[in-house]
Structure formats: C-alpha cells, structure tokens
1. Test each condition in (1) under 24 Å from the mean Cα position of the chain (by Cα); (2) over 30 Å from C:Ser208 (Cα atoms); (3) of a type outside the set (S, T, N, Q) for C:Gly416 and report the one that comes out false.
2. Can you tell which of A:Leu15, A:Leu3, A:Leu115, A:Leu102 is modelled with pLDDT under 95, within 14 Å of chain B (Cβ to nearest Cβ) and either surrounded by 24 or more Cβ atoms within 10 Å (Cβ to Cβ) or outside any loop (DSSP other than H, G, I, E, B) (or both)?
3. Quickly run through the stretch C:338-374 and pick out the residues that are more than 26 Å from C:Val314 (Cβ to Cβ) and more than 7 Å from chain A (Cβ to nearest Cβ).
4. Somewhere in the stretch C:99-119, is a residue more than 9 Å from chain B (Cβ to nearest Cβ) and either in contact with a Cys (Cβ under 8 Å, 6 or more places away or on another chain) or in a loop (DSSP other than H, G, I, E, B) (or both)?
5. Count, please, the residues in the stretch A:220-260 that happen to be surrounded by 24 or more Cβ atoms within 10 Å (Cβ to Cβ), at the interface with chain C (Cβ under 7 Å from one of its Cβ atoms), within 24 Å of the chain's Cα centre (by Cα) and hydrophobic (A, V, I, L, M, F, W, C).
6. One residue is enough: does the stretch C:445-465 have a residue meeting the conditions of a type outside the set (A, V, I, L, M), under 21 Å from the mean Cα position of the chain (by Cα) and part of a loop (DSSP other than H, G, I, E, B)?
7. Name the pairs whose Cβ atoms lie under 8 Å apart, with the first residue in the stretch B:247-263 and under 15 Å from B:Ser287 (Cβ atoms) and touching a residue at least 12 places away in the same chain (Cβ under 8 Å), the second surrounded by 18 or more Cβ atoms within 10 Å (Cβ to Cβ) and among the charged types (D, E, K, R), and 6 or more positions between them or separate chains?
8. Restricted to the stretch A:292-319, and to residues that are surrounded by fewer than 21 Cβ atoms within 10 Å (Cβ to Cβ) and within 12 Å of another protein chain (Cβ to nearest Cβ), which residue is nearest to A:Leu34 (Cα to Cα)?
Amino acid sequence: MRLEPRTETGLGLKLAAPLAAIAVSFIVAALLVLIGGASPFAVFAAVIKGAAGTQFALLETLTRATPLIFTGLAAAVAFRARLWNIGGEAQLYAGAILCVVLGTGALPLPAPVLLPMIAAAGFLAGALLLLGPTVLKTRFGVDEVVTTLLINFIMVLFVSLLLDGPLKDPMGLGWPQSKKVIADAVWPKLVQGKRLHWGFVLAILAACAVWFINARTTFGYEMRAVGFNARAARFAGIPVNWVMAKTALLSGGLAALAGVSEVAGLKGNLTLDLSPGFGYAGIVVAMLAALHPLGVVAAAIFVAAMFVGADAMSRSVGVPNYIANVMVATALLTMVAAMLFTRFRLRRG
Amino acid sequence: MEAIEILFTASLWAAAIRIASPLILATLGELICERAGVLNLGIEGIMTVGAFAGWVAVYHGADLWTGLAIAALAGAAFGLLHGFMTVPLGLSQHVTGIGITLLATSLTYYAYRLAFPEVTSPPKIEPFAPFEIPGLSQIPFFGEALFRQTPLTYLAFLAVALVAYVLYRTPIGLAVRTVGENPAAVEAQGIDVTWLRMGAVAVGSAFMALGGAFLTMSAFNSFYFDMVNGRGWICIALVVFGSWRPGKALLGAILFAAFDAYQLRLQQLAGAYVPYQVFLMLPYILSILALIAMSRRAGYPRALMIAYRKGER
Amino acid sequence: MSSEIAPLQDPAEVVLRLSGITKRFGPLLANDAITFDLHRGEVLALLGENGAGKTTLMNILFGHYVADEGSISVFGAALPPGSPKAALAHGIGMVHQHFTLADNLTVLENVMLGTEPLWRPAARQAEGRRKLAELSEAFGLAVRPDARVADHSVGERQRVEILKALYRDARILILDEPTAVLTPQEAEALFDTLQKLVARGLAIIFISHKLHEVMAVSRRVLVLRQGKLVAERVTAETDRHELAELMVGRPIPEPKVEPVPLSDALLDLAGVSVADEKSGRPLLADASLTLQGGEILGIAGVSGNGQSTLADLVSGMVAPAAGKVALFGQEIRFFDPTRMVSYGIARIPEDRHAQGLVADLTLEENLISARYREAPFSRRGLIDWKAARDFAKRVIADYDVRCPGPQAVTRLLSGGNMQKLILGREMAQGPRIILANQPSRGLDIGAVSYVHGRLLAARGQGAGILLISEDLDELLALSDRVVVMYRGRISAPLLRGQVNIRDLGLMMAGHGFPQGNSGGEGSHAA
C-alpha cells in the first residue's frame, strides 16, 4: 500500500472531508448512546431540537458559536504558519481579565470610546501572552505546544488568585467572581431580550478580515510560505522569526477577543468557569474548517450546535452531555485523516 | 529556619517519591514513544483513561493487579490509534495527539457519568496499601523515605531499570532507538518500520496509563474529574529534561516531585502571606523553565516528528 | 587509473536473474520488462542518466518496491517481492546512495541492527565485535566500532555501509552511485575493495551515470534509457562514446565554451571567516576568492568542506565573523537574502525541495518569493496577483516549464521543470552574479544541457558565475577557472587548461592546504 499525491483536488473532495468527519462522529455517538442504553434517534432528535428547534435554541447556538469563532480563527491563523497555539484558553482569560480590569469603573468613559479601547487592550493582552512561547520557539527551539498548554494551567490559577484578591466582587457573597462591567462597557444585544450580542457580528467581521489578510496581503503570503516550508522561506528572504511573531500577535489577540466577548457581551463579569474549554474547542473548529477563515464560522456554528443541543438533550433524555465532547474529538481525528485523502490516494505496491 | 529544616525530613522525601511515581511511569512511556520517533501528545488523555479504567475494574470486583493490566491495555489501545494515524498515515503528530487527548478524556468522562449518574461524592475502592520492605524499611531516613511505599512505586522504579536495559542491551531496544534516528536504516536492515513504531507507541502508552492508574489505585482511592491536572504535559517536559534517557528522567521526576512536596509544606508555613494559587502554579512554571534550560536539545532523536513514507527516497 | 579486471572464475554460474521486471508510478513507466542475469564474481555496471530507472530497479531487487510484473530468482530460488528482509536472507546487500545509517549510534550498533532475533533478551555484542573486526581486516575496511557514525568521514561511512552488507553474508552487493560523495582517490580505494570482494566470489551490481567509472571497474555494462534496457555490452569491447550515445539515445552537444572578455571583479572575498552559530567551529577559514564578469569559477571539493557555507554567505544567509566581502567594489556590511537579491545576485540552491521552492505553494507564488515586497508585485502591503500571474506566464514560456499553469501547485512539477522554474525566477532580473550550487543534481541529460546552456549564455552576457559542483566532469567542462575547497579554505585558482582530475583529487583530499585548524561543515576525515 502506498500513498500517491493527487494531481488535483476538486471542491467536492475538499467538502467531503468535513462531511465525513461529521458523519463518523455521529456514528460513534450513536454507538455510545446504544451502549448507554438509550435510543440514538431520541438522542439525535433531542440534540437537533435543542440546537435549532426553536428561535431560542437557534439564538443560543449562535451565542455559543461567538467565542468559538474567535478561538477557531486564532487556531487557524496560527496553525497555518505551523505555530501550534494550544493556549487559546489562557489567551481568552487574558482578554477577559483586561476587560474586567478596565471595564468595571476604572475608566469612566463613554461607550464609543470605552468599547474599542477595552477590545484593543484585551487583544493586546492575548497577543503578548502568545508572543512569549513563540519567541521561545524561534530562539530556543522550545516546543510551543507544551509551553502554551502549561500556560493554560498557570492562567486558570492566576484567574483564581485574582478573583480571591484584587478583582473580588465585594458584593458577591463569597463566590469567586469579579464585579460587573459598567453599562458603557457592555456589548449591546442583537435581539432584544435574548442573549445574542454584537460579539457575533464582530466575530464574523474578524473572519472576513482574516480571509482578506490571507488572500490579499503580503502578511498572509508570508504566513503561508513560512507554514509550508520555513527553510525555503528564509532562503527567499522572508523574515521567518518576525513573521512568526506577527502571527502570534494576531492569533493570541483573536483568542483574547473571545474572552472580551464573553464578559462584555454575555456574562458581564469574570468567573472561574467563564470558558468551558472554548480554547480547545477552537482547535477542533479550525481543523474542521481546514484552516479556512470562512469555514471557521460554519464549523463554529456546528460545534456550538453540538454542545448546546447536547446540554438540552442531557436534561431531557438523560444521556451524559459529554457525548458532545466525544463527537467533537472524533470529528477532529476523522477530519485530520480525511484531509490526507484529499491530497493523496491509496495505491497498491 | 523551619523552611530549610523541612528539606531534611524523611517524610518530605517519602512524599516526593510517592508524588513522583505516576510521573516516572508516564515519563517512561513518553520517552519510549519519542525514542521511536513519535511525539505522543495523547499522554494527558491516556493517563486519564488509565486512571479510570483501572479504578472502575477494581470497583467492579477485579483485584488490583488485574485492574492495572486493564488500565495498561486501555492505554495501549489508544496508543495504537495514535500510532496508526501518525505512522502508516503519517498525519501531524501534534494535531493527532491533541485529538487523542480530547477523545480519551471525553470518552472517560462520558463513561464515568454513564456508570455513576447520580453520585455527588465519587465511590471509593480499596487501593494499594503501603508495603514495608522487611529489613530495608528500618534504615534510618532512607527506610522511611524509600522503602515504605506502595507496590506500584516499587514497580515504577523497576520499570526504569527494565526500560533502560531493554533500550540499551537488547536487539529490540536497538531497533527502537534506531527508528527514532533514521527509519531508513531500520528498513534497510529488514525490520518493518511501521510495526516497530506502532509497537513502541502502544507499549509507551501502556506505561502512561499505568501512571494514571497510580492516581486512582495508589495515591488516592477514587476517580474525579480533572484528576490528571496537567501531569501529562509536565511529563513531556521531563522527557526533554532527562535528555531522553530513563535514568535521567527518573532523577528529573524525583527532583520535580520533591519540589512539589516541598511547596505543599511551604504552603502550610507561609499560606497566610502568599496565596495558595502561587504554590500550585510553581510545578508548571518549573516545567517551562526546565524546557528552556534544556533547549539546546542535546541528544534528541533525529527523526522525531518526521513522518516516514516508505519508498520515498 | 583502472585496476586489472580479473577474468571470471566460473562464467556460467548465474547467481541472479531478473525476468520481465516492470514498474509503473501512475502514468510513468519506470521499468519496462527488464531482463538480465548476473554471474558469480563479476562486476556488472548499470548505466543510465538520472531518471532512467536504475535506482528503481535496484530498489525492487532489494525489496523497497514491488514490481508490477516480472520475477526475480537468486541462486536459483524465487525471491519474495517487497521485503528487504527476504533480500537480505537471500544474500543480497545494498549500499544506498543516501546512507542508511543512524548518525547518533555507534558503528557496531549500526552493523548489528536487525542481525539478531528481536526477542533475544540480550544482544551478543562481543561476538558482533569480533565478526566485524575479522571482516574489517579481511577486506581492508578500517572503521572504529565504538565511535558514533557522525564522527566518521563520508568515505568511512561508506565503508560501514559495505561492512553492514558483508556482516550479513551478502553474496550479491548493489552499490548505488557510490562515488558521488568521494574524492577520486577514495573512489580508487573503493574500486580496489570491489576487486577484493569479487576475488572472494561476490557478484556486484554497480549503478552509475559516470562513463569513466563504468569503463574502469566493470566486466559488463547494461544501459538503461527511459526505463528500458537498451543495450548490453562487455566493457572491454566498447568505449565511452558508444556508451554515451546508448545512454542518451541521441548525440549530446558538448557545451561550447568560447572565450569571453572579462570585466572587473564583481565579487571579492578577502580573508573571510564564518563560524558555526552553536559550536563556534570555523566553517570558512580565511577564505579568499575573486569572481570577474564573463567567467565561470568552478568550486570543487568533497561536500562538507565549506561549500554550503560559501553558498550561504553569497546568498545572504550568514554573515562573516572576519574578513571583507565586496560586491562591485563596494564593501558589504549587512547580509540578508533580500539585500543580496536586490544587489543582483541570482541563487540556485543545492536543494530544490528544501530551499529553492515551497512545494505546496503555486508556481506564481513561488516566483515572487524573493521580491513580493516590492513593486510591481505588491503595494502598501497588498499583493497584486495579476502582476504575479503575468510574470509567471512569461517565465513559464521563456524557460519552457512544463506545467498545468501558473496556478498549479509546484509539487506536481518534475525535478527538471522545478529547476527551470528556479532558473527563470533567478535570471529574470538579468543578474550580474549567479551562484549555482549543484545545478544539475538529479536532472536528466536534457535538463542538464538546458541548465548549462543558460549558464553559458549568462556568462556570454558578462555575468560572473560561481559554480559549486561535486561533478568534476561538469566543473571541468564549464569552468574558466577552478578552485578547490578543503576544510573551509579556498585554494588559489587554476586555469582550465592547467588542471586535471588527478591533481584536483589530491587537492580535494587536502594536498597543498595548510595543516591544522580544521574548518568546514562536515565531520573530520580519517
């Protein structure tokens, strides 16, 4: 058995990969549900209903998709340059911290000034947080996967430390949470009375911006070249280390915006459970989208649908909602394998 | 000063050895994988699977050693999946590993919730009891530190010697070391690279699962969420820190665990002045520093993370 | 130069028979119904240009590939396909073109790998060491068993490869382009070794594209061309010209090197030293050379003696620690690839895949790789893809690059077309200095001829060309002057009329260079 490169890959084949990933994840989930003693049909029906069956469900899915678009973009941008940013969680919290530090009254500014300022500050915090491991990689050859992962753990503890101390909400009855952000720092809702907020629009805009950067700018070209073959890029005169640094700034900043979005748009304050793994889910989103920025939006909505639907299903049918995590992980692995077959075909001998 | 005195107590070192045991086993596992040229980022998930599988087997009536065997098999199964994707298919070792961790962890949590849907406090088993080695355990200081541990700790130490022996003194160990340096050399001598690498990853993953099982079957007596808590990533740093050699990895793990045990005791002294989170952060920070210190990477397997496509010359 | 070829002991004994071996890679027919015999005690040369199918055929024999049709029998027994293990068990050994050694392990470990059952609980090192010493002694192949392979020179590593095969009791030995990395003197020593092996009854298949070697060492020659076995000759009954014609199938024009007026010095290195970033070892030591317009300066030397560093220096990848580099009379202080390109230096790197091109980018993306930041390809950070595409179309047409189009992925191109693409990219600016590093490596004769033609044309227009090549024939055919590099030092230049292969070979082995202070990238020679 041999793998032989294909001469061309049609769009049909490229779309088949994520579809195969989704299909396999459904099959695996069905098996697990059967083992659990429930009916796969009942489960899937409940998931779909919980994700999009009502207007409320649909809006909830889009709300859950918002941070996933940001972390998905962060992972897609980084992975394209072969920068393995697994630190989305930490960068998200960095953005959230800055949002709370600046937005709970320290800066009594009107919304049109305060909102962009907080977003920019959050972006910068996440950007700088990823810069550290990236420099360690380019200068010292330290694997960024491990360093970004370890920083995730450090950051969660740091947030806990802040919530016990300087950021503690004096009116919080002892729960570890921060003060609420002031009205001028809140991102307005898109639909009155529902939870969907302007963060969703910003996320879509961010996806378009990333698409534009990739397709039209010199920076996008540099990231592509460096990601495919850093040695040849260096030979051509592309400043590889500088490109990596810029990539890190963009990626970290995008993930941080997820944190700003969750605080300023949805929760209103910082808590320890702000992110139920959005950073890691972002990686799956990016891979399902084959690192394409516009695909990230679709993949994020799909993954959000899985989680929202599974939560609802778990309440009604009783199958553990971890089934969604299993599906997402299965989809990731299948997608990676499927992408291979879009580039190669299997041959005898 | 009391802070310095603690360093010389046998109880500190006994705790260090105990804390080191899961790290030793899991680090050995990762070391075997990487020596064969495969980075296994599934370690965190495989440790979780090992912790759950062994424990749940014992909960359902198996004896402890059978539980360990089941944990090892579960680890090996995930290892084979990782090996299949990264060796014959040659997929990105980074992404596959992260995917394995996500899959293994989520499957474990799903299974746990399915098996114990309504518990608020996790059910307990009877773990390995400390076994005092007659004679040796009476030696002052070393007796308490080294020889009053559970059998699983003794197993971990034996494993270091076994892995070192196999790697350096047996034909199969030579093959494993070579396939991580230059797979073409192995193929040219008539050994199948795919089976060798996949086998190494499976065996390494079994060791990782045993490391996880230590947590539920020796250190504590029940399984709870986020139990592994980043130990897998720390072990990746320990492999680098130990220059991919079993003996040095052992020393690294003990050093690390000693530091962890020390900060636990420091917390009791200084807890009023320094938030406890700072102490908890220290192991992760130390791991990053260890990686930077060893960054010149003397001795890393040359073919690590490079996929081998048969016939591509 | 040629060693005495001993007459065959037992001319009738056939030790190996290939029958009708056919192999396809997609639409490419790499081997077409090849049939031949190998006799005990003979050296059989497999001659053909790059891409003729020689290595594929031997890879099938050794079990790396499986033939689509045909069969092989060894000492009368059928050889199971696709298994190096089976080939080894039947007495076939192979010295690969790219050594199959683990550099970080010792010689003994490399030799013993796979020779013992994998489940044996303890390796029998003492026995292994003894057997290796006996073989080493018997065939005059000196190695250091407990030293790492990385600490051996290239010539020594080849000896380890041969010992590996002998250790496994090979009766048939395949050598794939063994002299590509050796000095002429080391190649002589290899031929002596082959005679010793043959005297002991081994049969040898020797793959080469070098005519003089084939004439010197073989008893019979098989000529492959585009996958077919086109001729079989007894070496004593043929000559270089006939073989050359058979190999290529058409008369090859010899490159015509006409005298061209020289201009002032374009590039001047004076006492340049470059040290390795990590270890501080000297890669280039007190190196000096001058390149004038209208000449080709050939740089000879066994790889690892500083040529890569010299190429990196001129490419702008490294900066000198000492000495002066002047371009067009002006001293250069800052070294980076973009700057060098802007000064008008064209760089053809030695490794198309690793350095020259990003295989997963499209052709047009690769063509702008050095100049994407300037007009007309970009403005204010945005790339003008139309300008890039137009440029790509021009290059593809001018340089006859066979491809689906400018938006095709570069990976799909053949080696020759990739090299033409690189040439087109580099020469498009009308460069005054061209650095050509192994420009014809791995190319078929047609592509080689094209590359040489372009280089000579540039020379005719007044450009100065630094030609780094391991192929002495190429160097001597094209260069106006030749220098030799050894351990990071550069010799005084020799004029084309003054130089012959033997002298070059001696210089490549170190004659005439000051002793001590070893530089260069490679490990230290024995």
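The values are calculated or read from the model by the stated rules, or taken from the named source; none is laboratory data. Owing to the predicted nature of the structure, the values given are computational and were not obtained by experimental measurement. In this analysis, Cβ positions are derived from the backbone assuming ideal geometry, glycine residues included, and neighbour counts consider all displayed protein chains.
1. (2)
2. The match here is A:Leu3.
3. Restricting attention to the stretch C:338-374, the residues satisfying the condition of being more than 26 Å from C:Val314 (Cβ to Cβ) are C:360, C:362, C:364.
C:Thr362, C:Glu364 - these are the residues of the stretch C:338-374 that are more than 26 Å from C:Val314 (Cβ to Cβ) and more than 7 Å from chain A (Cβ to nearest Cβ).
4. No, there is no match, as no residue in the stretch C:99-119 is more than 9 Å from chain B (Cβ to nearest Cβ) and either in contact with a Cys (Cβ under 8 Å, 6 or more places away or on another chain) or in a loop (DSSP other than H, G, I, E, B) (or both).
5. Number of matching residues: 1.
6. no
7. B:Ala257/B:Arg18
8. A:Gly318
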